[in-house]
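This report refers to the structure that appears directly beneath it.
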Amino acid sequence: MNNRTTKFVENQKLVIPTKGGFLFIYPSDIIRCEANKKYATCILKNNIQEELSISLKQVEAVLKECGFIRVHHAHLININHVEKYETVKYCHRGGAITMSSGEVVNISIRKKKFFKKYFLKNSIEAQLSSNQSE
């Protein structure tokens with residue numbers, strides 16, 4: 001990534017180039033990012049949307065260290081804003097995630113296995129079974 005894309009500043013805010021300037025934001029304020037042709041759109045708390053002047057791939061390179069997971073070729077989500085994961089019949093074949101903003105994001109079939117493993121290891125069921133084995 002070149003110097004213009006995204007950098008950390010001392011207080012952990014990100015500086016992200018937008019189509020009209022720069023966005024100074026904490027990663028925790030980003031709910032998800034979505035691909036928009038060659039660029040990306042960030043959906044922030046309070047459903048504010050910011051059009052970025054970088055691709056989703058470039059955003060992912062920085063945000064994956066901050067708890068973001070790519071669940072679809074067009075969606076990068078903040079794991080801390082996930083409210084529900086469903087694999088019911090009417091959902092997309094990979095499943096669907098409901099975010100804290102109420103938005104539903106589809107998971108690709110390829111990412112479903114990884115996503116389920118990630119949450120299963122952090123689930124209450126996994127914690128209970130590890131406590132019983134101690």
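Out of the residues in segment 72-120 that are in contact with a Ser or Thr (Cβ under 7 Å, 6 or more places away or on another chain) and under 26 Å from ILE25 (Cα atoms), which is modelled with the lowest pLDDT?
LYS84
Scanning segment 7-34 for residues that are of a type in the set (S, T, N, Q) and under 17 Å from GLY67 (Cβ atoms), which turns out modelled with the lowest pLDDT?
Here the residue is GLN12.
Looking only at residues that are in a helix (DSSP H, G or I), without any contact (Cβ under 8 Å) to a residue 40 or more places away in the chain and out of contact with any strand residue (DSSP E or B) (no Cβ under 8 Å at 6 or more places or on another chain) in segment 38-65, which one is farthest from PHE22 (Cα to Cα)?
It comes out as GLU65.
The values are calculated or read from the model by the stated rules, or taken from the named source; none is laboratory data. Keep in mind it's a predicted model, so treat the numbers as computed, not measured. Here the Cβ is made from the backbone with ideal geometry for all residues, glycine too, and neighbour counts use every protein chain on show.
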